[in-house]
Amino acid sequence: GAGVSQSPSNKVTEKGKDVELRCDPISGHTALYWYRQRLGQGLEFLIYFQGNSAPDKSGLPSDRFSAERTGESVSTLTIQRTQQEDSAVYLCATSLAGGLGNIQYFGAGTRLSVL
Amino acid sequence: GQSLEQPSEVTAVEGAIVQINCTYQTSGFYGLSWYQQHDGGAPTFLSYNGLDGLEETGRFSSFLSRSDSYGYLLLQELQMKDSASYFCAVTVQTGANNLFFGTGTRLTVIP
């Protein structure tokens, strides 16, 4: 596609429910990243995929968070048993490769609100 | 680990020049990038410095001094649409994930 696409753009859920966030990368981009951005804050790294493998999951805040990528394409970030502190914008970014100096292209994000 | 510092907020007048500084502490430093994010929007890449010196792209320039672990983003002829958050990010040679973002500088351009 022309750019990184994320869905849904907004998600409101009740505390304790599970949510799935989707990221469709730019075609051919092998590297994919998930970030969390709380209101007015910086970008908090969550997980990095190279192809379908995740060599770096160090940013996942708890075992309630998981992510997968299939077909070296779509990725889903799953948050189980959501808590109010999970409320944030979840951004996906992709780059042509995971190497040094590669530009990351971001989607518009999913704004998650946990009530 | 990585540590980046940039001012949280900057205000400047339309038509003026503003400089946003970024200092970093990291091992395996490779380069410094800048990203722009408008409210509610996606971060977008602005510039990358792999070598010391100034990189110019239109009204925007970015500078890097490896010896000082310091860089800046320079915005000239400020326009109202430049009001946004600006993030510096370091690329490092260690680890699988190699891009780390600062906390961002919110630039407000006033008439």
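Rule-based calculations on the coordinates, nothing more; no lab input. Keep in mind the model is a prediction, meaning the values are calculated, not measured. FYI the Cβ positions are ideal-geometry reconstructions off the backbone, even for glycines, and counts take in every protein chain you see.
Rounded to whole Hz and in sequence order, give me ³J(HN,Hα) for the range B:19-36 from the Karplus expression 6.51 cos²θ - 1.76 cosθ + 1.60, θ = phi - 60°, writing x for Gly and Pro.
10, 10, 8, 9, 10, 9, 10, 7, 9, x, 4, 10, x, 10, 10, 10, 10, 10
Applying the Karplus parametrisation 6.51 cos²θ - 1.76 cosθ + 1.60 with θ = phi - 60° to the phi angles of the range A:16-23, what ³J(HN,Hα) value in whole Hz is obtained for each residue in order, glycine and proline being reported as x?
For the range A:16-23, the Karplus-derived couplings read x, 7, 8, 9, 10, 10, 10, 9 Hz, x marking Gly and Pro.
So for the pair A:Glu20, A:Glu68, with labels modelled 7 Å out along Cα→Cβ, what separation do we get in nm?
So the label points at A:Glu20 and A:Glu68 sit 0.9 nm apart.
Short version: ³J(HN,Hα) in whole Hz for each residue of the range B:97-111, in order, from phi by Karplus 6.51 cos²θ - 1.76 cosθ + 1.60 (θ = phi - 60°), x for Gly and Pro, what are they?
7, 10, 10, 10, 9, x, 7, x, 10, 8, 9, 10, 9, 10, x
For the range A:1-69 and the range B:65-92, compute the distance between their C-alpha centroids and round to whole Å.
26 Å
If you add up the charges near A:Leu115, with Lys and Arg at +1 and Asp and Glu at -1, over every other residue whose beta carbon is less than 12 angstrom from its beta carbon, what do you get?
+1
Just need log10 I(q)/I(0) for the range B:1-78 at q = 0.23 Å⁻¹, Debye formula, equal scatterers on the alpha-carbon atoms, no solvent, rounded to two decimals.
At q = 0.23 Å⁻¹ the computed log10 ratios are -1.21.
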